[in-house]
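Novice: Dropping the structure in here first, questions after.
The values are calculated or read from the model by the stated rules, or taken from the named source; none is laboratory data. Computed from a prediction, not measured in an experiment: that's the story for all the values here. Virtual Cβ from ideal backbone geometry, glycine too; neighbours counted across all protein chains shown.
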Amino acid sequence: MTDQATKSSESRYTQQTVLAKTTWLEDKLFSITVTRPPGFAFLPGQFARLGLCVGSPESAAPQAAPIPNEWRAYSMVSKPDADELEFFSVVVPDGKFSPALSRLQLGDALWIDKSVFGFLTLERFVDGEDLWLVATGTGLSAYLSMLRDPATWHRFKHIVLLHGVRTSSELAYRQELLALANLVDPQRAQLIYLPVTSQEALSRELSPSIKSQWLNPARLTTLLNSGELEQRAGVALEPTRSRIMLCGNPAMVTEMRGLLAERGFAPGRRGVAGNLAVENYW
Ligand SMILES: Cc1cc2nc3c(=O)[nH]c(=O)nc-3n(C[C@H](O)[C@H](O)[C@H](O)COP(=O)(O)OP(=O)(O)OC[C@H]3O[C@@H](n4cnc5c(N)ncnc54)[C@H](O)[C@@H]3O)c2cc1C
Ligand SMILES: NC(=O)c1ccc[n+]([C@@H]2O[C@H](COP(=O)([O-])OP(=O)(O)OC[C@H]3O[C@@H](n4cnc5c(N)ncnc54)[C@H](OP(=O)(O)O)[C@@H]3O)[C@@H](O)[C@H]2O)c1
């Protein structure tokens, strides 16, 4: 790379420092908190491009400054005005990026593209009474930022958060979410947090108020199809009043989108406000 090329690429990103790490599930799920680049503004639901130096290119001079060579998209978990940036990640066993990200230690460097990206934001909806946030796995990341932002709570009567994972041990951030669900007036029940496990029964202590027949393993798509999703939420899913976001596994997003289309949900188009917004993680 020429000096000029190095200079222009360097100006697109900044080097930040790892401040904290949380392991949710050993070798599978973790969160990482890093310093926030000056002027890095984002809306809840948007994502950053994170960079790492993966491997050690033989051509690199011993004293040369490291240059990130792998970049991946990661949704911001942080409240939009937080001093630091937090990200929630899976470890893909044979992945090039996520295992390296999981090995970072406090004080290590992480590069962040100066631009923010993405349209999975509440600005996609012009109105609506209830907000449905549907995630599989780490798709939860984008919604955590929304839930940490008071503006989201002011805007919607109910917020239904569905988090589909394989096992109860993958329900990251559950204590924060349970606390948020209980924080407000219980009569109002503004946040309805519904964890769903697909490979084993849901642990009762993680969802104390759930009826015992709803602890059985299920996929979110099956529950939507059978009507059980609305029964569990205690709120009707209707195109006029509900606004719904889907995030995570692309197969879930595609199937859910098909089921929702039959019920009158569609993304916004030029001049036509939508009631559905989606983001695929791969
Ligand atoms: C807009 C956007 C936002 C994203 N936000 C996040 C985020 O907040 N947290 C996060 O962990 N990942 C997120 N991702 C995915 C992330 O960019 C990487 O793909 C992921 O970290 C794996 O990188 P890798 O190099 O290890 O594996 P890759 O080579 O990138 O992926 C290999 C395979 O792993 C699986 N995979 C990739 N990402 C995931 C995932 N998140 N959950 C389950 N399986 C996956 C897929 O089968 C994929 O084909 C996001 C992706 C996009 C497009
Ligand atoms: N092969 C394995 O057994 C295995 C085990 C652990 C981890 N991993 C790896 O771990 C990584 C992340 O896995 P993850 O569990 O976080 O993410 P994931 O594979 O996307 O699964 C998250 C949740 O989404 C559900 N889901 C998948 N496809 C769906 C669809 N079409 N409709 C509705 N729901 C759907 C899953 O249900 P289901 O459980 O019913 O699929 C699961 O409850 C991947 O890279 C994966 O390869 C693999």
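Novice: On the basis of being among the β-branched types (Val, Ile, Thr), in contact with a helix residue (DSSP H, G or I) (Cβ under 8 Å, 6 or more places away or on another chain), within 14 Å of ligand 1 (Cβ to nearest atom) and not assigned by TED's automatic domain parsing to the domain that holds GLU255, does VAL90 make the cut?
Specialist: yes
Novice: Another one. How do the pairs read when you match residues in segment 123-140 that are surrounded by fewer than 24 Cβ atoms within 10 Å (Cβ to Cβ) with residues anywhere that are hydroxyl-bearing (Ser, Thr, Tyr), using Cβ under 7 Å and keeping only pairs 6 or more apart or on different chains?
Specialist: Sorted first by the residue in segment 123-140, then by its partner, the pairs are GLY128/SER242; ASP130/SER242.
Novice: Sticking with this structure for a sec: Going by the structure shown, is SER141 out of contact with any Pro (no Cβ under 9 Å at 6 or more places or on another chain) and closer than 30 Å to ASN69 by Cα?
Specialist: yes
Novice: Considering each residue of segment 179-203, count those that are at pLDDT below 90 and under 18 Å from THR136 (Cα atoms), and give that number.
Specialist: 1
Novice: Check segment 217-236 and report whether any residue there is assigned by TED's automatic domain parsing to the domain that holds ALA172 and at pLDDT below 90.
Specialist: Checked against the condition, which is being assigned by TED's automatic domain parsing to the domain that holds ALA172 and at pLDDT below 90, segment 217-236 yields no hits at all.
Novice: Is it the case, given these coordinates, that ARG174 is closer than 26 Å to PHE30 by Cβ, among the basic types (Lys, Arg) and either modelled with pLDDT under 95 or not assigned by TED's automatic domain parsing to the domain that holds LEU29 (or both)?
Specialist: Against the criterion (closer than 26 Å to PHE30 by Cβ, among the basic types (Lys, Arg) and either modelled with pLDDT under 95 or not assigned by TED's automatic domain parsing to the domain that holds LEU29 (or both)), ARG174 qualifies.
Novice: Residue check, THR197 against (1) away from ligand 1 (no atom under 16 Å from the Cβ); (2) more than 23 Å from PHE119 (Cα to Cα), all met but one. Which one?
Specialist: All conditions pass for THR197, except number (1).
Novice: Next question. Does segment 73-94 hold any residues that are surrounded by fewer than 17 Cβ atoms within 10 Å (Cβ to Cβ) and within 14 Å of ligand 2 (Cβ to nearest atom), and which are they?
Specialist: VAL92, PRO93, ASP94, listed by residue number.
Novice: Would you confirm whether any residue within segment 139-150 is more than 30 Å from ARG12 (Cα to Cα) and within 15 Å of the chain's Cα centre (by Cα)?
Specialist: Within segment 139-150, none of the residues are more than 30 Å from ARG12 (Cα to Cα) and within 15 Å of the chain's Cα centre (by Cα).
Novice: Return only the number of the condition from (1) among the hydroxyl-bearing types (Ser, Thr, Tyr); (2) surrounded by 13 or more Cβ atoms within 10 Å (Cβ to Cβ); (3) within 15 Å of ligand 2 (Cβ to nearest atom) that SER242 does not satisfy.
Specialist: (3)
Novice: Does VAL126 qualify as being assigned by TED's automatic domain parsing to the domain that holds LEU246 and part of a loop (DSSP other than H, G, I, E, B)?
Specialist: yes
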